[in-house]
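Structure first, then comments.
The values are calculated or read from the model by the stated rules, or taken from the named source; none is laboratory data. Source: prediction; values computed, not measured. All Cβ positions, even for glycine, are placed from backbone atoms using ideal geometry, and neighbour counts span all protein chains on display. We work out accessible area using only protein heavy atoms, side chains counted, and drop any ligands, DNA or RNA first. Shrake-Rupley method; radii C 1.70, N 1.55, O 1.52, S 1.80 Å.
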Amino acid sequence: MQTEILIAGFGGQGVLFAGQVLAYAAMDAGCEVTWIPSYGPEMRGGTANCTVIISDEEIGSPLVLNPRGVIALNLPSLDKYEPLVKPGGVLVVNSSLVNRGSRREDIESVFIPASEIAESLGNRRLLNMVALGALVAKLPVLSLDQVKRALEDHLPERHKQFLQANLQALDAGASFALSVSRVGV
Amino acid sequence: METTLSVQIVYQRPRSLTAVPMHYCPGCTHGIAHRLIAEVIDELGIRERTIGVAPVGCSVFAYNYFDCDFVEAAHGRAPAMATGIKRLLPDRVVFTYQGDGDLASIGMGEIIHAAGRGENITVFFINNAIYGMTSGQMAPTTLPGQKTTSSPQGRDVETMGYPLRMAELLANLDGAGYVVRRSLHDPKNIRMAKKAIRLAFETQLRGLGFAMVELLSTCSTNWGLSPLESLRWLEEHMIPYYPIGDFKVAEALQAIKV
Amino acid sequence: MAKELLKGNIAMAEAAIRAGLEGYFGYPITPQTELLEWMAERMPALGRAFLQAESEVAAINMLYGAACTGARVMTSSSSPGISLMMEGLSYIAGTEVPAVIIDVVRGGPGLGNIAPSQGDYNQIVHGGGHGDYHPIVLAPASVQEAVDLVVLAFDLAEKYRTIVFIMADGNIGQMMEPAELPPMRPIRTEYPDWAVRGAMGRERRILSSIYIDPKDEEVTNYRLLQVWNRIQAAEIRYREYFLEDADYVVIGFGTAGRIALSAVRMARAEGMRVGLLRPITLSPFPHPQIENLIPQVEGILVVEMNSGQMLEDVQKAVRGRVPVEFYGRLGGMVPFPDEILAEIRRMCREGIPPDGDPRQRWMKRFAPIIRWHD
Ligand SMILES: Cc1ncc(C[n+]2csc(CCOP(=O)(O)OP(=O)(O)O)c2C)c(N)n1
Ligand code: SF4
Ligand SMILES: [Mg+2]
């Protein structure tokens, strides 16, 4: 059983870090996992994405055409990756930064105002954790607790002062996702 | 009573620059250097016989921005490539545009020998004390104590050597006709830089040998400073180590007023 | 030791350090720069030599000198930088000193791009500097394998006094996976009897690649070949997946190999009897293993991130006895498993034409798919 998650947004939105938190949680849960970023100059001021694959056996390709879960933190990412989500998969969209609704009926889309929720928690930069919380709530691969524990265990020492806020953001994202109904807004 | 409104153009894109948006980071002084060079090419009316040689570095795509013929060199080899072009086409104006890693590290051999031969080319040397393109490693021009990703404790001159003052070094060579250093950190210095760029092309047009303008430049992205702080950092830290000045001006150039 | 989530470039650097690396020389180039940066941080802190050279030409010659002292030394780069190193590599080979080089291959030729590629296969496996020599070439497909192969690389380099390449690509360098690092080995205190370290209390030693008299160079070349024979006999490495009952086999190395694994699993799930052979040593190449598969299989699909450079080695092993098909992506493009699955399906359904050129057939199939303009 293999689950693929792609996280995309602007550089600086914490896309790569959100993927790493997931990867740590998977590793700590004893799963096989790969994390692979888009890299190079295209990241400069532009978009960034990473793919995380979680599996119970040796992972082949670290990149997939049709991921089961996608987080799109901005409009270009939504336009690019919405059509690629595997049927039956989950799409989490940062509705704070997009001006349109869902275009797919065969996936579960969660439009979450992640930037605003993050701001209400006191820091706009928490939006990646808000969105990750929403994805984890909807995708049966790792529990929210596992992800929170991974954050506790692996957040670099110099960022420890942000731990509580990050945990809150995960919770806020998860409860938002669980409170909204199925299929797009 | 009648008033006439006359519209006057005070600022526009030089003919020698294309309309392509530049990929440089916000606040990067590569853009200023490009513009100054393009303005001078326009003023000299040489656009159609100018051939540029782009380096490997953040300015690897310089050829997209200049509206003249261009080639793209291997890392550090721009002076050699320019030599080849100039030897076959002596009446063209050939210039290279190179970063500090490109010119003073991997391309040290090529630049010294081009200058030593008195190769009649014009070199614009963007000294930003860092490797911009590969995200901030130590350059040969990185200042003592300056932290980079490959000198994480700061450049220790005991093990990593001293920064190279390329203008001073190349000015020593008999083949050099014009070698100066300028800076891009404020309007006054930018105006001075433009005059030097003009003279560096004049050197070539008059067959007076190798010309180089070293331009002190910023890299806010890899210095980890805001664009404004970067300009200040350049002024406070780079200029004391890399003084602005003329290190070689051939006699025939001294009379030219620009 | 427990598993850590490690980026390939950093894992390779740390593995080298733990394998007793005494000196590193390099020049920044994407997509391997994190490796150099890790060395910049760690090596001086451990009191070991780190130097950012002024170019790859300088880096390889620094490595050459350092290798002559008998120390464990390494450099790393990516394709354009490796091109610059070729001269120095030939001198290292001619002098028979051990050296480890990591090539995190990117798209080319020329400046190309920084995306993952396998376009350096011929340059590393068959090419290299001037003269008659063979390096050992190891191709990891995961971060853990990269760690293990770096450690092995030093041991092989010293055992045979040869060059050992790690041929990775941008994916291996940039990817994070859980991996276990080896324990820290102590730096050696005894140096080999050829090492040049000052003739204190002994006869002087000379290390050189000059054999002015061709008779002597012939002897040297013959000896190099004898060593190569021993390497071929003892050091072939590979991994097999689902080969027991396979009618068709896919052959791919490194990143292309692991992507093929996904495709093979998908094909198995659809009931096709397909297996995978993933060469780990590209040099020496697993000719005998391919030889063994010939009576069993009906066809072979070679998958690479280049235009079929390893394909030619596979064809050499097969010698026309089984039909071969090829699928490649070029210039820094990476295949998705779905593309390879489509090739497997076609192969299993229609078979492979017994003759003709697999590369030509692929070019025809590929032309309508390739994105000429975007
Ligand atoms: C042979 C080779 N080695 C390394 C590189 C990687 N590389 C690209 S640009 C660069 C340094 C650029 O620094 P600089 O010349 O100072 O230009 P800047 O980006 O700062 O303008 C390096 C090391 C390369 N392209 N080719
Ligand atoms: S990285 Fe530095 S030199 Fe390169 S474009 Fe950005 S600011 Fe300019
Ligand atoms: Mg620079």
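When the residues of the stretch C:226-276 are filtered to those that are touching a residue at least 12 places away in the same chain (Cβ under 8 Å) and under 30 Å from residue C:211 (Cα atoms), which remaining residue is nearest to the other protein chains (Cβ to nearest Cβ)? In this case the residue turns out to be C:235.
Residues in the stretch B:29-57 that are open to solvent by 30 Å² or more (accessible area, probe 1.4 Å) and within 16 Å of ligand 2 (Cβ to nearest atom) were compared, and the one that is nearest to the other protein chains (Cβ to nearest Cβ) is B:32.
Just to be sure, is residue C:371 within 28 Å of residue C:171 (Cα to Cα), assigned to a helix (DSSP H, G or I), without any contact (Cβ under 8 Å) to a residue 40 or more places away in the chain and open to solvent by 40 Å² or more (accessible area, probe 1.4 Å)? Criteria not met by residue C:371. Applying the criterion of being surrounded by fewer than 24 Cβ atoms within 10 Å (Cβ to Cβ) and within 16 Å of ligand 2 (Cβ to nearest atom) to the residues of the stretch B:58-104, the residue that is nearest to residue C:58 (Cα to Cα) is B:60.
Restricting attention to strands (runs of 3 or more DSSP E) lying wholly within the stretch C:169-285, give those where 3 or more residues are open to solvent by less than 20 Å² (accessible area, probe 1.4 Å) and not assigned by TED's automatic domain parsing to the domain that holds residue C:65.
Of the strands (runs of 3 or more DSSP E) lying wholly inside the stretch C:169-285, those with at least 3 residues that are open to solvent by less than 20 Å² (accessible area, probe 1.4 Å) and not assigned by TED's automatic domain parsing to the domain that holds residue C:65 span C:248-251, C:274-279, C:281-283.
The set of residues in the stretch C:347-366 being more than 15 Å from residue C:307 (Cβ to Cβ) and surrounded by 15 or more Cβ atoms within 10 Å (Cβ to Cβ) consists of C:347, C:348, C:352.
Restricting attention to the stretch B:138-176 and to residues that are β-branched (Val, Ile, Thr) and farther than 21 Å from residue C:13 by Cβ, the residue that is farthest from the chain's Cα centre (by Cα) turns out to be B:157. Among the residues of the stretch A:75-110, those identified as polar (S, T, N, Q) and more than 15 Å from residue A:176 (Cβ to Cβ) are A:77, A:99, A:102. Going by the structure shown, is residue C:69 among the polar types (S, T, N, Q), away from chain B (no Cβ under 14 Å) and open to solvent by less than 20 Å² (accessible area, probe 1.4 Å)? No; evaluated as a whole, the condition is false for this residue.
Conditions (1) among the hydrophobic types (A, V, I, L, M, F, W, C); (2) out of contact with any Asp or Glu (no Cβ under 6 Å at 6 or more places or on another chain); (3) within 16 Å of ligand 1 (Cβ to nearest atom), marked per residue:
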| residue | (1), (2), (3) |
| --- | --- |
| C:109 | no, yes, yes |
| C:127 | no, yes, no |
| C:140 | no, yes, no |
| C:161 | no, no, no |
| C:171 | no, yes, no |
| C:176 | yes, yes, no |
| C:180 | no, yes, no |
| C:183 | no, yes, no |
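Return yes or no: is residue B:183 within 16 Å of ligand 2 (Cβ to nearest atom) and closer than 21 Å to residue B:99 by Cβ? When the stated conditions are applied, residue B:183 passes them.
Residues are listed down the side, and each one gets a yes or a no for (1) within 16 Å of ligand 1 (Cβ to nearest atom); (2) within 15 Å of residue B:123 (Cα to Cα); (3) part of a loop (DSSP other than H, G, I, E, B); (4) under 17 Å from the mean Cα position of the chain (by Cα):
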residue	(1), (2), (3), (4)
B:85	no, yes, no, no
B:97	yes, yes, no, yes
B:101	yes, yes, no, yes
B:105	yes, no, no, yes
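I'd like to check something: does the stretch A:124-138 contain any residue that is over 14 Å from the mean Cα position of the chain (by Cα), open to solvent by 60 Å² or more (accessible area, probe 1.4 Å) and within 14 Å of chain C (Cβ to nearest Cβ)? Within the stretch A:124-138, none of the residues are over 14 Å from the mean Cα position of the chain (by Cα), open to solvent by 60 Å² or more (accessible area, probe 1.4 Å) and within 14 Å of chain C (Cβ to nearest Cβ).
Among the residues making up the stretch B:24-48, those that are within 16 Å of ligand 3 (Cβ to nearest atom), part of a loop (DSSP other than H, G, I, E, B) and in contact (Cβ under 8 Å) with a residue 40 or more places away in the chain are B:25, B:27, B:28, B:29.
Given the structure, is residue B:137 among the polar types (S, T, N, Q) and in contact with a Pro (Cβ under 8 Å, 6 or more places away or on another chain)?
On the way: among the polar types (S, T, N, Q): yes; in contact with a Pro (Cβ under 8 Å, 6 or more places away or on another chain): yes.
The answer is yes for residue B:137.
Answer yes or no: is there a residue in the stretch C:147-163 that is in contact (Cβ under 8 Å) with a residue 60 or more places away in the chain, in the same structural domain as residue C:205 (by TED's automatic domain parsing) and closer than 17 Å to residue C:305 by Cβ. For the stretch C:147-163, residues in contact (Cβ under 8 Å) with a residue 60 or more places away in the chain, in the same structural domain as residue C:205 (by TED's automatic domain parsing) and closer than 17 Å to residue C:305 by Cβ: absent.
Of the helices (runs of 4 or more DSSP H) lying entirely inside the stretch B:112-205, those carrying at least 3 residues that are away from ligand 3 (no atom under 16 Å from the Cβ) and away from chain C (no Cβ under 14 Å) are B:166-171, B:187-205. Is it the case that some residue within the stretch C:72-89 is of a type outside the set (D, E, K, R), assigned to a loop (DSSP other than H, G, I, E, B), assigned by TED's automatic domain parsing to the domain that holds residue C:17 and under 15 Å from the mean Cα position of the chain (by Cα)? The answer is yes, given that some residue of the stretch C:72-89 is of a type outside the set (D, E, K, R), assigned to a loop (DSSP other than H, G, I, E, B), assigned by TED's automatic domain parsing to the domain that holds residue C:17 and under 15 Å from the mean Cα position of the chain (by Cα).
In the condition set (1) under 26 Å from residue C:121 (Cβ atoms); (2) within 10 Å of another protein chain (Cβ to nearest Cβ); (3) buried (at least 20 other Cβ atoms within 10 Å of the Cβ), residue C:57 is compliant with all but (3). One residue alone among C:18, C:48 is away from chain B (no Cβ under 13 Å), over 20 Å from the mean Cα position of the chain (by Cα) and open to solvent by 10 Å² or more (accessible area, probe 1.4 Å), and that residue is C:18. Counting only residues that are more than 10 Å from ligand 1 (Cβ to nearest atom) and open to solvent by 10 Å² or more (accessible area, probe 1.4 Å), the stretch B:115-137 holds 4 of them.
Residue count for the stretch B:80-111, restricted to those that are more than 14 Å from every other protein chain (Cβ to nearest Cβ), of a type outside the set (Asp, Glu) and away from ligand 3 (no atom under 14 Å from the Cβ): 14.
For the stretch C:28-45, a residue qualifies if it is in contact (Cβ under 8 Å) with a residue 12 or more places away in the chain, more than 8 Å from chain B (Cβ to nearest Cβ) and assigned to a helix (DSSP H, G or I), and the qualifying residues are C:34, C:35, C:38, C:39, C:42, C:43.
A single entry from C:13, C:45, C:2, C:19 fulfils the requirement of being under 18 Å from residue C:62 (Cβ atoms) and of a type in the set (Gly, Ala, Ser): C:13.
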